[in-house]
Amino acid sequence: MAKRAAMVLDRKYKVAEVDKRIFGSFIEHMGRAVYDGIYQPGNPLSDEDGFRRDVMEMVKELHVPIVRYPGGNFVSSFVWEDSVGPLELRPKRLELAWQALETNEIGINEFARWARKVNTEIMMAVNLGTRGMTDACNLLEYCNFPGGTKYSDLRISHGVTDPYRIKVWCLGNEMDGAWQQGHKTMHEYGRTAEETAKLMKLIDPGIELVSCGSSHRDMPTFPEWERVTLEHTYDYVDYVSMHEYYDNEADDVADFLAKSDDMDDFICSVISVCDYVRAKKRGRKKIHLSFDEWNVWFHSKAKEREIRENTPWGVAMPVLEDIYTFEDALLVGLMLITLLKHADRVKMACLAQLVNVIAPIMTEQGGGPAWRQTIFYPFLHASRYGRGVVLQPVIETPVHDTKCHERVSDMESVAVWNEEKEELTIFAVNRNPEEDIILTADMRGMEGYWLKEHILLEHADRKVCNSAGREAVSPQVVDRSELTEGILTSMLHRLSWNVIRFGKEKAGE
Ligand code: AHR
């Protein structure tokens, strides 16, 4: 016997407009993300600039509006000047974050060219680890100032006449972490970020700045880090960053899928701290959240340690190449639902990362065609159909307990209404490992909308993975939903990702 869940949808009750930048992603100079990932000169699959055409097509398929670059931990010793200008003059460098060799074949200008080709914006991170405010200002001047100054003219001499006008800038990366090159205390970082932000906004008042939050919720300095650093940076920054990766080391699917509740709790806590600082400052401005690293990450950790120990200083070593299971795709779907539910405060988010390194898109070593991991699909669906206004989720669902979580909802769901396109989409995950759910949704508040399709991602084997040439997990359109007189009835199988789409046109018209 299936369990039952219910929801009510009404166009009158809205959470917020989705900022499309919550479907952002991330490319770091590490592993095979850049070299062998987006860039592979000499491969017949690459274009005249050496960029992989098949990878670009998949990135475009995902409609990624913004990509964080160039790190990550990498940015904390990045010398951006090494990455621009004539190729033959660019030095090779020891890259300390991942103990690799950086050839600087791809730098700011090449990456900007790639970004233009895939229709995305850059979210640029500056090095506040081993460098500081002068270099951050110089990089901003190089990228955004029109001309007639040292660094803007340097850019022009490199063949880029028009400034890039990069809008979003991250003030360092995970500066609270002892592993970070140039790691800082909250007071040191707060002051550095404040002064850097102040100067950067003098150079270009149109930019938006992201202050580093905690590297994850279990950091010993969380949430004091957010309070102290934001008290310094409040006047100058627009966002605070959040990072979180989840694992299923314990191989407990119910507990693993409950981890999106931890993400929700993390988001709520950071919002509280932002609002506390706002109140203390008697401020008007709300600090928004940039969840600029999130994903599942654990499959590749042992191999990464082995590579670092046995073959340090390699170029494009296959590190952090998690091969994702079907259950990982479910958690990614749940995390997307969580981000959407917070559309009023989470304005940017980056699935970390995009190609080869903990990524939805993979290329084979040696140059075979690109392929889609299981996690590609929930991201694709959310990015494609999750733009519009998030409707207030009014949901009644059965619950279950897991090893570390109490009263976990069996069904997690959110609905996004795109008024302009006259489309409505319900995203729903049944995360109960044992039982199916019959969902009843009262949609009388969405009069005029017809059921278009029910897209499903499911697999009998929760450990199944995709691979080059074999897509074990891919979406199908199924006949498991029915809309009668404004009441939707949908069958949500245990462990399934469901995308139920509606439009003003009747299906087939
Ligand atoms: O995305 C991989 C790494 O995870 C990033 O470099 C770092 O910011 C985080 O710890």
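None of the figures in this text is laboratory data; all of them are computed from the coordinates on show. Keep in mind that what you see is a predicted model, and the values were worked out from it rather than measured. So basically every Cβ, Gly included, is an ideal-geometry build from the backbone, and we count neighbours across all protein chains shown.
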Handout entry: Interchain or long-range residues, amide H under 5 Å from GLU321's placed H
Key = ILE358
Exercise for the section: Take every DSSP beta bridge whose two residues both sit in the chain, then give the antiparallel share in percent to the nearest 5. Expected result: 60 percent
Exercise for the section: Rounded to whole Hz and in sequence order, give me ³J(HN,Hα) for region 214-229 from the Karplus expression 6.51 cos²θ - 1.76 cosθ + 1.60, θ = phi - 60°, writing x for Gly and Pro. Expected result: 6, 5, 6, 5, 8, 4, x, 8, 7, x, 4, 3, 5, 4, 5, 5
Completion exercise
Neighbours of ASN430 by Cβ distance under 11 Å: Lys/Arg at +1, Asp/Glu at -1, summed charge -3
Problem - For MET123, residues with placed amide H under 5 Å, excluding near neighbours - result: VAL67, ARG68, TYR69
Problem - region 39-112 - charge dipole about Cα centre, Lys and Arg +1 at Cβ, Asp and Glu -1, debye rounded to 20 - result: 240 debye
Handout entry: For region 190-244 versus region 77-114, the gap between their alpha-carbon centres in whole angstrom
Key = 26 Å
Fill in the blank from the handout: Once phi for every residue in region 82-88 is put through the Karplus expression 6.51 cos²θ - 1.76 cosθ + 1.60 (θ = phi - 60°), the whole-Hz ³J(HN,Hα) values, with Gly and Pro written as x, are 5, 9, 10, x, x, 4, 5
Problem - Dipole magnitude (debye, nearest 20) for the chain, charges at Cβ of Lys, Arg, Asp, Glu - result: 1240 debye
Practice task
Classify region 147-271 as rounded, prolate or oblate from the Cα gyration tensor: take a ≥ b ≥ c as the square roots of its eigenvalues, call it rounded if a/c is under 1.5, otherwise prolate when a/b beats b/c and oblate if not.
Solution key: prolate
Problem - Set of aspartates and glutamates with alpha-carbon distance to LYS201 below 17 Å, sequence-local pairs under 8 removed - result: ASP135, GLU141, ASP235, ASP238
Fill in the blank from the handout: Restricting to Cα pairs under 8 Å and 6 or more apart, the percent relative contact order of region 180-294 works out to 29 percent
Completion exercise
Dividing the mean separation of Cα pairs under 8 Å (6+ apart) by the residue count of the chain yields a relative contact order in percent of 20 percent
Problem - Selection from TYR236, ALA352, CYS170 lying farthest towards where the dipole of region 19-385 points positive, charges on Cβ - result: TYR236
Handout entry: CD proxy at 222 nm, helix term only [per DSSP H run n ≥ 4: -39500 (n - 2.57); per residue of the chain; nearest 500]
Key = -8000 deg cm²/dmol
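Kirkwood hydrodynamic radius of the chain from all distinct Cα pairs, in Å? Don't skip to the end; give the middle numbers.
Numbers: mean 1/r = 0.0425 Å⁻¹.
Result for the chain, one decimal place: 23.5 Å.
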